[in-house]
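What follows draws every value from the coordinates through simple rules; no lab data is involved. Predicted, not measured: the structure shown is a model, and the values here were computed from it. When we count neighbours, we look across all protein chains shown, and the Cβ atoms used for this are built from the backbone with ideal geometry, even at glycine.
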Amino acid sequence: MAQKCAIRVCSAVRVALNTVGWYAACLGDHDTARPLQGRPRPVPAPPRLRRRGGALDGLGYIEHRTGHHRQAVRHHEQAVALCRALGNTTRAADALDQLGGPHSALGWPEQARAVWQEALELYRQQGSSADVERVQRRLDDLDAVVSRTAAPEPVTPRR
């Protein structure tokens, strides 16, 4: 009985620290957030899988915000794969939404568009209008940036 209670307390502490880490990251305190997000275990027990996905997504968020975009991509892709494997489309949509940022920052607009389109469809299926609007704005902003960089400079005739 005491061992089960200790395991529950340890699990609750990990969840609490992960949550504190997430809020620290949202406030821009990435140095505090990184160690609090926790490290996913290589072979977690089934109940830990959901927390592992959250830790991966949180680490991706921190890495992106601190300029480590390739690491962010790796963490977010792992989170997406895990969420899909669990059938958790809500968390998968969130991870896909987050994955578009590092893709865009790396100058990979097609990859960003693909993951944001997928997140958009999942949010539509879930009836999450606020998320649909946010992701649609990201896609519109991406299209505006791509069209600006793809458009040739106007040539002015010399006199």
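Summary table
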quantity	calculated
Gain in span if fully extended, residue 27 to residue 133, counting 0.36 nm per residue against the direct Cα distance	35.9 nm
Burial ranking of peptide ranges 91-98, 124-131, 60-67, 103-110 (average Cβ count within 10 Å, highest at the top)	91-98, 60-67, 103-110, 124-131
At R0 = 25 Å, FRET efficiency that the Cβ-Cβ distance of residue 114 and residue 66 yields, to 0.05	0.55
Three-way shape call for the stretch 52-138 based on the alpha-carbon gyration tensor, with the a/c threshold at 1.5	oblate
³J(HN,Hα) computed for each position of the stretch 88-93 - Karplus, 6.51 cos²θ - 1.76 cosθ + 1.60, integer Hz, glycine/proline x	8, 6, 5, 5, 5, 4
